Amino acid sequence: MINIPKGCKDVLPSQSYKWQYIERVARETAKAYSFKEIRTPVFEHTELFSRGVGETTDVVTKEMYTFLDKGGRSITLRPEGTAGVARAFIENGLASEPLPFKAYYLCSAYRYERPQAGRLREFHQFGAELYGAEGPAADAEVITLVDRFLKNLGLKKVSLHINSIGCPACRATYHEALKTYFRPHLAEMCEDCNARFEKNPMRMIDCKNETCGKIAAGAPRALDYLCDDCRAHFEGVKAYLDGAGVSYCVDPSIVRGLDYYTRTVFEFVTEAAGAQGTLLGGGRYDGLISQLGAKPVPAVGFGVGLERLLMVMEAEGAPMPEEEHVDCYLAGLDEASRTRAFLLAEELRASGLTCACDLMQRSLKAQMKYADKLGARFVAVIGEEELADGVAQVKDMRASNAERVKFSELAQYLLKR
Ligand code: HAM
């Protein structure tokens, strides 16, 4: 038996309606904010992620699915959606089109992580990116989009945490403060943190190692080192959110795990039992486009894992639509009736109805059992006598009464129910 690779999940037909529902709500919400869909390749040149996501991040140092293709190029399966969108934005010259550029994606992503609930090696993200607007209204628009998305899904036990981690100007002073704080503790801290100390001390703040975490708890906060422009920007974001009635808390511990962020960073955290933790994250990343070699363009976006979202929805008991059912199952009692049922099903489908019929020459009992499993609303039974009269015995599966309905009137009959 060949098993599914570790950290991957099948979405079976009995479950896919939940995914389709979340994806539908995602598309509708993105559309309400005039974001259009973008689709980028599942793999990119490795350098895009090492330069874009950042050399000091866990994602790049430990978690990427990287391989040489047959042409000897280093290729990586995307660990997230942002870098690919940035590459497409630059490569397609979208900066010269009217801005802001607003795009959303629903895509798979790959990280070699230790699998656990809500953490997989293949997962799926809904994300949105907005390029070209540097003012706080853009940050607020992205955050309100996410907030509305979660509300549209009926989630209640989620809370928005926001922070500002400044720009390269104030970051330099902040980094110095962090180094001064961490230097005396370096011997106790993990190897990763020692490496981060020189390259990117802010990464030391969200280290998962217990000892490092305790030390990091007392570290200086980025918010206390913001320059005037960054402070005004953050105040602006908060004012927009207040105005839009989006509740949030300022949480100085949020620094995010990827290197490209500047100024606003945010996470939605869930309080639903059994699903504690970060549901989604995002923020501003004004330096990414120039880091990838193009003229700087300010940007802001977010990403949410669909598996994690589904878990939180189930933990909260959020409303889900019913599994899609079949309008009519057409049962045939003999060869000729089965053939008529097959053709009749085609006529019904042409009228927009969802149908199924017997493909396995089964008994009526077995066909009824299958119709029941499909959740068929009606079953139209055709036997020798019905075939001769041009009618079907239509059984209402909810009421369990049956009516004789002419083949020619069956579509109308079903559409009216
Ligand atoms: P991220 O925080 O690395 O940010 O991931 C965003 C979300 O993707 C997480 O909050 C989580 O829901 C989901 N996720 C991440 N890793 C896994 C995993 N191994 N298994 C399941 N779900 C996972 C980003 O990816 C940024 N690109 C977000 C962004 C877009 N920032 C600006 N624009």
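List of remarks:
- Two-decimal Rg to Rh for the range 1-40 - Kirkwood Rh, Cα set: 1.17
- With all protein chains kept in place, the per residue accessible area of the range 328-415 amounts to 55 square angstrom at a probe of 1.4 angstrom.
- Using the Cβ-Cβ distance between Asp389 and Glu314 with R0 = 45 Å, the FRET efficiency computed as 1/(1 + (r/R0)^6) comes to roughly 0.35.
- Of Met202, Met320, Met368, the one that fluctuates the most in a GNM where the chain has Cα springs shorter than 10 Å: Met368
- For the range 261-415, Kirkwood radius (reciprocal of mean inverse C-alpha pair distance, Å): 19.7 Å
- Expressed per residue, the C-alpha convex hull volume of the range 328-415 stands at 82 Å³.
- The amide H of Gly277, built 1.01 Å from its N in the peptide plane, has Thr270 as neighbours under 5 Å, considering only residues 5 or more places off or on other chains.
- For Thr354, the residues whose modelled amide H falls within less than 5 Å of its own, excluding neighbours fewer than 5 places apart on the same chain, are Asp327, Cys328.
- Rounded to the nearest 10 degrees, the angle from helix 168-182 to the longest Cα principal axis of the chain is 80 degrees.
- Electrostatic dipole magnitude of the range 328-415 [Cβ: Lys, Arg +1; Asp, Glu -1; Cα centre; debye, to 20]: 420 debye
- Separation of the alpha carbons by more than 25 angstrom is noted, of Lys6/Lys199; Lys18/Lys157; Lys151/Lys295; Lys18/Lys416; Lys6/Lys157; Lys151/Lys373, for Lys6/Lys199; Lys151/Lys295; Lys18/Lys416; Lys6/Lys157; Lys151/Lys373.
- Separation of alpha-carbon centers, the range 95-142 and the range 362-393, rounded to whole Å: 48 Å
- Scaled radius of gyration (Cα, divided by 2.2 N^0.38 Å) that the range 59-180 gives: 1.32
- Once the Cα-Cα distance is subtracted from the 0.36 nm per residue extended length, the Tyr33 to Ala172 segment shows a gain of 46.5 nm.
- Against the chain, whose longest principal axis is taken from its Cα atoms, helix 364-373 shows a tilt of about 20°.
- Helix 306-316 axis, angle to the chain major axis (alpha carbon atoms, nearest 10°): 80 degrees
- Toward the positive end of the charge dipole of the chain, with +1 on the Cβ of Lys and Arg and -1 on the Cβ of Asp and Glu, the farthest Cα among Leu279, Phe126, Ile4 is that of Ile4.
- Highest mobility in the GNM of the chain, judged by mean-square fluctuation with C-alpha springs under 10 Å and restricted to Asn92, Asn194, Asn163, is found for Asn92.
- Note, ³J(HN,Hα) from phi for the range 245-259, Karplus 6.51, -1.76, 1.60, rounded to Hz, x at Gly and Pro: x, 8, 7, 7, 10, 7, 10, x, 7, 7, 10, 6, x, 10, 6
- Amide H contacts under 5 Å for Ala380, placed H, 5+ residues apart: Tyr329, Leu330, Ala331, Lys395
- Applying 1/(1 + (r/R0)^6) with R0 = 45 Å to the Cβ-Cβ distance of Ile2 and Ser253 gives a FRET efficiency near 0.55.
- For the residues Tyr285, Tyr261, Tyr248, a GNM of the chain with alpha-carbon springs under 10 Å puts the largest fluctuation on Tyr248.
- Derived scalar couplings ³J(HN,Hα) [the range 343-357; Karplus, 6.51 cos²θ - 1.76 cosθ + 1.60; whole Hz; x for Gly, Pro]: 6, 5, 4, 4, 5, 5, 4, 5, 8, x, 8, 9, 9, 8, 9
- Taking a quarter of the surface of the Cα convex hull of the range 130-241 gives a mean projected area of 8.7 nm².
- Cα-centred dipole magnitude for the chain, charges only on beta-carbon of K, R (+1) and D, E (-1), debye, nearest 20: 340 debye
- Karplus (6.51, -1.76, 1.60) ³J(HN,Hα), θ = phi - 60°, over the range 401-408, in Hz, Gly and Pro reported as x: 9, 10, 10, 7, 10, 5, 3, 5
- With the convex hull constructed from alpha-carbon coordinates only, the chain shows a mean projected area of 26.8 nm² over all directions.
- Length added when fully stretched, Lys62-Glu322, from 0.36 nm per residue minus Cα-Cα: 89.6 nm
- Treating r as the C-beta distance of Ala217 and Ala239 and R0 as 35 Å, the FRET efficiency rounds to 0.75.
- Sparsely packed trypsin sites (Lys or Arg not before Pro) within the range 1-86, loop by DSSP, other Cβ within 10 Å at most 15: Lys6, Lys9, Arg39, Lys70, Arg73
- Mean residue ellipticity at 222 nm, helices only, the chain: -11500 deg cm²/dmol; runs of at least 4 DSSP H residues each add -39,500 (n - 2.57), and the sum is divided by the number of residues.
- Charging the Cβ of each Asp and Glu at -1 and of each Lys and Arg at +1, and nothing else, the dipole of the range 299-376 about its Cα centre rounds to 280 debye.
The values are calculated or read from the model by the stated rules, or taken from the named source; none is laboratory data. Model, not experiment: these values are computed from the prediction. Cβ: placed from backbone, ideal geometry, glycine included. Neighbour counts: every protein chain shown. Just so you know, the surface numbers come from the protein's heavy atoms only, side chains and all, with ligands and any DNA or RNA stripped out. Shrake-Rupley method; radii C 1.70, N 1.55, O 1.52, S 1.80 Å.
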